[in-house]
Structure formats: C-alpha cells, structure tokens
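Q: So that we are looking at the same thing, I have put the structure below in structure tokens.
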Amino acid sequence: MEITSFYHHKLEMLVPETYLCPDKSGLRHQFNTSHHAFGLMKTQLINTALVLEGGGMRGVFTIGVLDYFMDAGIDFAHCIAVSAGACNGLSYMSRQRGRAKVSTIDYMKKYRYIGMKHLWSQRSIFDQHTMYDRLPNELLPYDYATCFANPMRFEMVTTNCQTGQAEYLTETESPERLLLITKASSSLPYVCPIVDVDGEPMLDGGIADSIPVERALALGFQQPVVVLTRNRGYRDTGRDMKQPKFIYREHPRLRLLLSKRHELYNRQLELTERLEDEGKIIAIRPIRPMEVERLEQNEEKLNALYQEGYECARNALKPFTDALRQSPQNV
C-alpha cells in the first residue's frame, strides 16, 4: 500500500494554541489547536479525500483517528462526513484536538444529552439545545474562525426527504448554518424531527449514503482514506420492511429508502471491502467486532474504543509518517 504517493506539499506550521474552557461548575477542559506530538516540523497535506462514517457513539473510534491525525500533523484536501462523523469532523476542521472526546465522553456523562426523555420536550432522543447551542457556543466554545479558514473542503452528508437523494453541503461563513447542517446530518429517522436546511427537509445522511466513498472517487480523488466504525466482515443482519404509508406520509421517496436501509448499507460495506482489496482506498476500521452500541454510555468502553481508533490510525499511516520524519526537509 503506497501512502507516500499522496504527499502533495507542505503548509507552514501553525503555532499550537491551548484553550481552557470552563463550564458552569468551574471545571476546565484543556485541548490544543494544531498540536503535533511526533516532531514533524510542518503540517503535511495529503492530497486526497478523507471519508468519515457515522454510527452514533461508535464514532468515538473516529475521534481517536482524528486526534492521531492532529498529533501527527496530517491534513487532507477534502473531507466527506456523515452523521456522527460530521460532528466529530468539525473539531478536526477547527484543529481543536481533544474537543470531540471531551464533548462526547466527558460531557455525555455530565449533561446526559442523549436519551428517550428528550422525546417529550424536543421530539428528539437528543437534547438538541445542548448539542447544537450550549456545547459549541458556551460549554466548549467552537473555533469557527479556524474552521472557516481551513483550506480543507468539508462536506456534510444529509438525506433530502423530498428527493430521497444524498446532499453534500458545506458552509464557510455562517456559524448558524454550519450547526444547522450538522444537526440535519445527525438527525436519525423516527426519533428526530426533520430539519429544514435552505428550505429543504433533511434527515441523517446515513439514510442515503452511509459511507460516501463513491462521492470521493467521483470527485477525482485517488485512494481516499475511509474511516469506518465497523470491523471488516461485519454485515447488518436486520430485516428490511416496507414502511407503512402513515410513516413520513409527505415523503414517499424517504419511505422507500427506509424500506431498504439494511440492504443499502450492506452493499456499501461490500463495496468498501472490494475497493480496499483492489488498493483503491485506505480503510481505517476497528479490528474487533464492535462492543459499543449506537447510544453507548459506558465510559470505560468508550475510552477503550477511542484508544483503538488512535492506534489503528497510527498503524495505517505509519509508512507515511515514517517517510516524513526521514525526509531531509524535516531535518
């Protein structure tokens, strides 16, 4: 597997900044911007796409992968992220290393922003006020300026409920629209309300395109890096069922998609494995069958999954980082 062939050029090293974010209890959480832990003298741009699958709390694996990328000073030309992958990818865009881990593990325990109780007050299993307002704007302030200045194009996948098609949305100016797209990309069917984005009804991007590797290839990127949240060989054993007409009555094309979700996801898993075998993508995925559920809250399991993601990323890109450290330009 040739990874160094992706090396395009070097950007000037960004000076690391440390943010101390107090919450209402006075606790201070530290995370770094542009933190490089391996002695690389420059930020390295890999001229290909990064693809981030969703998966709810399984996305903690992805957080570990992205924190390794930031530690190793690895950037990509393009990113396509789905659902939880979009949420976690935002902290990679803003170069706030550790922020996604704090918000997903530490603050999940503290604020309990996922649970059936929120259905009564917000018609959603998520406390959307905490997730898309208090977290980014108060509890763990999001660095919008760095995100919008990042040259990497960041696409978040949503499902258009009217057309039944995946849409790949970006935002580089408006914090409000950025968070709105993130919310839409992560709004699960049945248990979250439809989100209006630019006048279009949107839900979770994983309904229409769970693993947007074909999008990356269609854009012309060679050997994209695909971060998955299931082990190789996994197949969804759920049974597809035709959705009754009273479900999403006004969106028949969405109903059709939901009627074959398991089949579509398994097709994408098979495609991903075939592309990996053909050397057309680099896949970073959990080694063992996943023990973390979509709405997992066991802190020990989540921390172990984070560490697994970090180590899997290190192993997958080791030839690349080794070559960079040996390069005369880094001496």
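The values are calculated or read from the model by the stated rules, or taken from the named source; none is laboratory data. What you see is a predicted model; the values in this text were computed from it and never measured. Glycine also receives a Cβ, built like all others from the backbone with ideal geometry; neighbour counts cover every protein chain displayed. Just the protein is used for accessible areas: all its heavy atoms, side chains included, with ligands, DNA and RNA removed. Shrake-Rupley method; radii C 1.70, N 1.55, O 1.52, S 1.80 Å.
Q: Within region 264-319, restricting attention to residues that are small (Gly, Ala, Ser) and over 30 Å from residue 254 (Cα atoms), which residue is nearest to the chain's Cα centre (by Cα)? Spell out how you get there, then give the answer.
A: Restricting attention to region 264-319, the residues satisfying the condition of being small (Gly, Ala, Ser) are 279, 283, 304, 309, 313, 316.
If we keep only those that are over 30 Å from residue 254 (Cα atoms) as well, we get 279, 304, 309, 313, 316.
On the way: 279: 23, 304: 18, 309: 13, 313: 14, 316: 18 Å.
So the residue we want is 309.
Q: Out of region 153-203, which residues are outside any strand (DSSP E or B) and in contact with a His (Cβ under 7 Å, 6 or more places away or on another chain)?
A: Initial filter on region 153-203 (outside any strand (DSSP E or B)): 161-165, 170-194, 198-199.
Passing the criteria: 161, 162.
Q: Return yes when residue 221 is of a type in the set (Phe, Trp, Tyr), outside any helix (DSSP H, G or I), within 25 Å of the chain's Cα centre (by Cα) and more than 23 Å from residue 308 (Cβ to Cβ) and no when it is not.
A: On the way: of a type in the set (Phe, Trp, Tyr): yes; outside any helix (DSSP H, G or I): yes; within 25 Å of the chain's Cα centre (by Cα): yes; more than 23 Å from residue 308 (Cβ to Cβ): yes.
Yes.
Q: Sticking with this structure for a sec: Assess whether residue 132 counts as being open to solvent by less than 30 Å² (accessible area, probe 1.4 Å), touching a Lys or Arg at 6+ places or on another chain (Cβ under 7 Å) and either in a helix (DSSP H, G or I) or over 19 Å from residue 84 (Cα atoms) (or both).
A: Yes, satisfied.
Q: Can you pull out every residue in region 224-240 that is among the β-branched types (Val, Ile, Thr), crowded, with 20+ Cβ neighbours inside 10 Å and part of a loop (DSSP other than H, G, I, E, B)? I'd like the intermediate steps shown before the answer.
A: Looking only at region 224-240, we keep the residues that are among the β-branched types (Val, Ile, Thr), and these are 225-227, 229, 237.
With crowded, with 20+ Cβ neighbours inside 10 Å added as a condition, the list becomes 225-227, 229.
Correct list: 229 only.
Q: Mind listing whichever residues of region 267-314 are over 23 Å from residue 213 (Cα atoms), in contact (Cβ under 8 Å) with a residue 24 or more places away in the chain, open to solvent by 70 Å² or more (accessible area, probe 1.4 Å) and not in a helix (DSSP H, G or I)?
A: 293, 295, 297
Q: Which one of these is modelled with pLDDT of 95 or more and either crowded, with 22+ Cβ neighbours inside 10 Å or among the charged types (D, E, K, R) (or both): 123, 95? Spell out how you get there, then give the answer.
A: Numbers: 123 fails: modelled with pLDDT of 95 or more.
Just one listed residue meets the conditions, 95.
Q: Is it the case, given these coordinates, that residue 201 is in contact with a Lys or Arg (Cβ under 6 Å, 6 or more places away or on another chain), open to solvent by 20 Å² or more (accessible area, probe 1.4 Å), modelled with pLDDT of 95 or more and not acidic (Asp, Glu)?
A: Details: in contact with a Lys or Arg (Cβ under 6 Å, 6 or more places away or on another chain): no; open to solvent by 20 Å² or more (accessible area, probe 1.4 Å): yes; modelled with pLDDT of 95 or more: yes; not acidic (Asp, Glu): yes.
It is false that residue 201 is in contact with a Lys or Arg (Cβ under 6 Å, 6 or more places away or on another chain), open to solvent by 20 Å² or more (accessible area, probe 1.4 Å), modelled with pLDDT of 95 or more and not acidic (Asp, Glu).
Q: Could you list, in sequence order, the residues of region 315-329 that are open to solvent by 30 Å² or more (accessible area, probe 1.4 Å) and modelled with pLDDT of 90 or more? Let's see the steps before the verdict.
A: The first filter runs over region 315-329 and keeps only residues open to solvent by 30 Å² or more (accessible area, probe 1.4 Å), leaving 315, 318-319, 322-323, 325-326, 328-329.
Residue satisfying the conditions is 315 alone.
Q: Can you name the condition, by its number, that residue 156 falls short on among (1) over 19 Å from the mean Cα position of the chain (by Cα); (2) open to solvent by less than 10 Å² (accessible area, probe 1.4 Å)?
A: Condition (1) is where residue 156 drops out.
Q: Filter region 241-251 down to residues that are open to solvent by less than 70 Å² (accessible area, probe 1.4 Å) and modelled with pLDDT of 95 or more and give me whichever is farthest from residue 56 (Cα to Cα).
A: Only one residue fits best here, namely 251.
Q: Quick check: is even one residue across region 100-112 surrounded by 21 or more Cβ atoms within 10 Å (Cβ to Cβ) and farther than 17 Å from residue 60 by Cβ?
A: No, that holds for no residue.
Q: Here's something else I'd like to know. Mind counting the residues in region 171-198 that are among the basic types (Lys, Arg) and closer than 13 Å to residue 126 by Cα? Before the answer, list the steps.
A: Applying the first criterion (among the basic types (Lys, Arg)) to region 171-198 yields 177, 183.
Checking the rest, the ones that are also closer than 13 Å to residue 126 by Cα come to 183.
Residues that pass the stated criteria total 1.
Q: Here is a check on your reading of the model: is residue 234 farther than 27 Å from residue 314 by Cα and either hydroxyl-bearing (Ser, Thr, Tyr) or free of Cβ contacts under 8 Å to residues at least 24 places away in the same chain (or both)?
A: Values: farther than 27 Å from residue 314 by Cα: no; either hydroxyl-bearing (Ser, Thr, Tyr) or free of Cβ contacts under 8 Å to residues at least 24 places away in the same chain (or both): yes.
No, not satisfied.
Q: With (1) over 25 Å from residue 212 (Cα atoms); (2) in contact (Cβ under 8 Å) with a residue 40 or more places away in the chain; (3) buried (at least 22 other Cβ atoms within 10 Å of the Cβ) as the list, and residue 187 as the residue in question, which single condition is left unmet?
A: Among (1) over 25 Å from residue 212 (Cα atoms); (2) in contact (Cβ under 8 Å) with a residue 40 or more places away in the chain; (3) buried (at least 22 other Cβ atoms within 10 Å of the Cβ), residue 187 violates only (1).
Q: So, one more: Give the residue, chosen from 172, 163, that is over 28 Å from residue 315 (Cα atoms) and either within 18 Å of the chain's Cα centre (by Cα) or open to solvent by less than 50 Å² (accessible area, probe 1.4 Å) (or both).
A: On the way: 163 fails: either within 18 Å of the chain's Cα centre (by Cα) or open to solvent by less than 50 Å² (accessible area, probe 1.4 Å) (or both).
One residue alone meets the criteria, 172.
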